[in-house]
Amino acid sequence: MTDPRAKMEGNNLLALGAPRSDWTKAPGRVPGFWVALLGLVVSLVFPLPALLVAAVGLLFTLQAYRVIPAGARGRRLTLAALALAGATLVIVVLQIVLALVL
């Protein structure tokens with residue numbers, strides 16, 4: 001080949017490395033986080049409606065969690081949303097148990 005663009009030495013393409021996928025636009029990633037956070041805040045005042053809000057946030061988050069591979073960019077927000085949904089569940093269960101005991 002005589003085309004100078006075909007030469008790999010000196011064109012700095014090897015220095016760029018392999019392209020990385022951008023998973024930050026995965027469906028359900030950002031809405032799942034915000035809805036899970038809303039569920040946590042609502043659980044402090046209204047425990048039972050917070051379960052519904054947390055379930056919706058969990059559905060959005062799981063939609064993104066299934067798509068984004070481990071270690072990919074954007075995965076940490078889905079893990080944070082899963083933690084928020086879990087914290088909401090724990091808070092609601094504790095409030096219900098305390099209401100039954102007292």
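Quick notes on this structure:
- Residues of the range 55-73 falling in the label zone of A99, defined by backbone nitrogen less than 19 Å from a point 7 Å along Cα to beta-carbon, are 55-56.
- Shape category assigned to the range 42-102 from the gyration tensor of Cα positions, a/c cut at 1.5: prolate
- Ranked by the mean number of other Cβ atoms within 10 Å per residue, highest first, peptides 67-77, 44-54 order as 44-54, 67-77.
- Along the range 24-31 the Karplus relation, 6.51 cos²θ - 1.76 cosθ + 1.60 evaluated at θ = phi - 60°, assigns HN-Hα couplings of 6, 9, 5, x, x, 5, 6, x Hz to successive residues, with x for each Gly and Pro.
- Using a probe radius of 1.4 angstrom, the carbon and sulfur fraction of the accessible surface of the range 18-102 is 76%.
The values are calculated or read from the model by the stated rules, or taken from the named source; none is laboratory data. This one's a predicted model, so the numbers in the text were calculated from it and none came from an experiment. Positions of Cβ are generated from backbone atoms using ideal geometry, with glycine treated the same way; all protein chains shown enter the neighbour counts. Accessible surface is based on the protein model in full, side chains and every heavy atom, while ligands, DNA and RNA are left aside. Shrake-Rupley method; radii C 1.70, N 1.55, O 1.52, S 1.80 Å.
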